[in-house]
Amino acid sequence: MMKGRGRPSIRFSLLASIVGLLSGSLFLLADQDEPLRPQFHFSPARNFMNDPNGLAFFGGEYHLFYQHNPEGDRWGHMSWGHAVSRDLLHWRHLDVALREENGIMIFSGSALVDREDASGLCGGRPCLVAVYTGFTPERQTQNIAWSRDRGRTFTKYAGNPVLDFGLKDFRDPKVFWHAETKRFVMLAVLPDEHKVRFFGSRDLKRWETLSDFGPAGATGGVWECPDLFPLPAEGEPGVTRYVLDVDLNPGGVAGGSGGQYFVGTFDGARFTNDNPATTTLWADYGKDFYASLSFSDLPPEDGRRIWMGWMGNWLYANEEPTSPWRGLQSVPRALALRRLPEGLRLVQSPVAELASLRVKTDPTLVSRSAPLPGSADIELEAVRGAWSEAGLRLSNGTGEEVVVGVAQEPLRVFVDRRRSRATAFHDEYPGRHEGPLRWRGDRVTLRVLFDRSSLEVFANDGETVVSERVYPTRPLDRLEILGAGQAVPEPARLHELRSVWR
Ligand code: DQQ
């Protein structure tokens, strides 16, 4: 019986691999079903992954490139892994797009569509151009590579590097087309100087220096992985501001790696901060959200700005207790600016496409406790009252538990993962991480995405986000509402989500 079942699946895998090879893209048919493997998030089939790179939409596909070690499950031999999706949820693994070569590693960067073949590298048709940092221990330079076959293969430009100041630290180029000044703009960081440097180019090959931004905000570690994009203010027609996103390691709000952003204006050459340089704005208050990058070239009719971040932290990224892979990307998040009492602030919400993974139309209503599926989207509200903590306890009957909730005085949203894993794997991992929150009337809302070893908490429709990995030794399969009936008067709504890997 067992034998009979095994054979067709082996045959099917073989056939699928051949089809994959023939179509010019080697994709792996992995089950991706290990106990800690998230089921609606992207993770590599095997080996190490960190930052998202080159996020772009081209030829009907979302492209996700990522920092990848094709040879091992720790950081090293950095290359760009590659996957594509048609819905931002189901990803198909493709072959490594850009490999370490001649002792030069491929560090983080971006990709964009060269629509008019301004680079002359596209053969007269729109093509995908990747812009990345070439790394050697002595030098970091910016480089380009082009693909005329929808990202399946890339050719490194013969004239690389396109930017080289002989600097040891100069990296993470983000490039976009700036229509008003009719040129490409690149931003890259001078990490130790806490500066973002802007460059302009008409052909992606020759770049002139435009301006510097920084130091400002948080400077407790090196600056990495910048991004810049315009965002409309919710409910304020005609009001748009630029968001400059800069990651910081260490010195993040929860310790180690973390993401901050600035709100301001950009005239095509210079970014001007709306806030004093002493203001620090955090993109996420959890310990596992870093190097976020937004998609380039989304269709104008889509109208969204969407980013993903690496759910990891350099304090323990190489020790995460998962196998045969390490590293996770966050759920794609749609971004907006919302006017809060303190000013315009970034808000994030999981892309609407996520709802298509709901197993049933109606949510399970959880009044006190319920079984917890491995992948779930949970919504609840807490009301002001005489209580100190309310929210959700996720547990597995072994004493391992994670608490996600709201605490009063001061009002905070938190994830407490101190008791989430019986066997220690790193001193920096256990902890309780929290972000500020405000009452909206007498209520706060929580939306919690749980995915086996991942938690993303969106409070008040994304005004405060807390992203954390958890590594229970047995699946967290029980859910309890803390403060049920009083602090949380209505049942929580739980949507079970189906796997994107099967
Ligand atoms: N990771 C890359 C660098 C970047 C850092 C190397 C951020 O390009 O600065 O893997 O996580």
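The values are calculated or read from the model by the stated rules, or taken from the named source; none is laboratory data. Here the structure is a predicted model, which is why all the values come from computation and not from measurement. A quick note on method: Cβ atoms are made from the backbone with ideal geometry, for glycine too, and the neighbour counts reach across all protein chains shown. Accessible surface is based on the protein model in full, side chains and every heavy atom, while ligands, DNA and RNA are left aside. Shrake-Rupley method; radii C 1.70, N 1.55, O 1.52, S 1.80 Å.
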Between the range 360-378 and the range 73-143, the alpha-carbon center distance in angstrom: 39
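Given only helices, namely DSSP H runs of n ≥ 4 each adding -39500 (n - 2.57), what is the per-residue ellipticity at 222 nm of the chain, to the nearest 500 deg cm²/dmol?
Values: 1 runs with 21 residues, N = 502.
Taking each H run of at least 4 residues, the total per residue is -1500 deg cm²/dmol.
For the range 181-299, report the % of Cα-Cα distances exceeding 18 Å. Spell out each step's value before the answer.
Values: 3703 of 7021 pairs.
Tail of P(r) above 18 Å: 53 percent of Cα pairs.
From Cα pairs below 8 angstrom and at least 6 apart in sequence, can you work out the relative contact order of the chain, rounded to a whole percent?
Values: 1370 pairs, mean separation 66.8, N = 502.
This gives 13 percent for the chain.
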If I take all pairs of Cα atoms in the range 68-220, what percentage of them are more than 25 Å from each other? 32
Enumerate the calculated ³J(HN,Hα) couplings along the range 180-197 in order (Karplus 6.51 cos²θ - 1.76 cosθ + 1.60, θ = phi - 60°), each rounded to whole Hz, writing x wherever the residue is Gly or Pro. 4, 9, 6, 8, 7, 10, 10, 10, 9, 9, 9, x, 6, 8, 6, 10, 9, 10
Identify, among S467, P373, P232, the residue whose Cα sits farthest towards the positive end of the charge dipole of the chain, taking +1 on the Cβ of Lys and Arg and -1 on the Cβ of Asp and Glu, with the dipole about the Cα centre. P373
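Could you give the length gained by full extension between N102 and R206, i.e. 0.36 nm per residue of separation minus their alpha carbon distance, to one decimal place? If you can, show how the numbers build up before the last one.
On the way: separation 104, 0.36 × 104 = 37.44 nm, distance 2.37 nm.
Between N102 and R206, full extension yields an extra 35.1 nm.
Please state the relative contact order of the range 91-160 as a whole percent: Cα pairs under 8 Å, 6+ residues apart? Numbers along the way, then the final one.
On the way: 119 pairs, mean separation 18.5, N = 70.
Worked out over the range 91-160, it gives 26 percent.
Counting only C-alpha contacts under 8 Å and six or more residues apart, can you give the relative contact order of the range 198-349 as a whole percent? Don't jump to the answer; show the numbers that get you there.
Details: 318 pairs, mean separation 28.5, N = 152.
RCO, the range 198-349: 19 percent.
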Report the Cα-based extents of the range 126-198 along its three principal axes, largest first, to the nearest Å. 37, 32, 18
To the nearest 10 Å², what's K205's accessible area with a 1.4 Å probe? 50
Inter-label distance, nm, simple model (7 Å from Cα along the C-beta direction), R339/S367: 4.3
With a ≥ b ≥ c from the Cα gyration tensor eigenvalues, square-rooted, and the rule rounded for a/c under 1.5, otherwise prolate when a/b > b/c and oblate otherwise, the range 356-419 is oblate
Convex hull around the C-alpha positions of the range 424-478: the volume in Å³ per residue is 96
Descending semi-axes in whole angstrom, ellipsoid equivalent of the range 355-502, from the Cα gyration tensor: 22, 20, 14
Alpha carbons only, please: Rg and Dmax for the range 24-111, in angstrom. 12.7, 38
At what distance in nm do the modelled label points of D274 and T445 sit from each other, each positioned 7 Å from its Cα along Cα→Cβ? 2.2
Gyration tensor over alpha-carbon atoms, the chain, equivalent ellipsoid semi-axes in Å: 36, 29, 20
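Just list whichever of K156/K182; K174/K195; K168/K195; K287/K360; K182/K205 have alpha carbons separated by over 21 Å in the model shown. Before the final figure, lay out the partial values.
Details: K156/K182 25 Å; K174/K195 14 Å; K168/K195 15 Å; K287/K360 32 Å; K182/K205 15 Å.
Listed pairs above 21 Å: K156/K182; K287/K360.
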From the C-alpha coordinates alone, can you work out the Kirkwood hydrodynamic radius of the range 323-433, in Å? 17.3
Using a 1.4 angstrom probe and counting only protein chains, how large is the accessible area of R358 in Å², to 10? 60
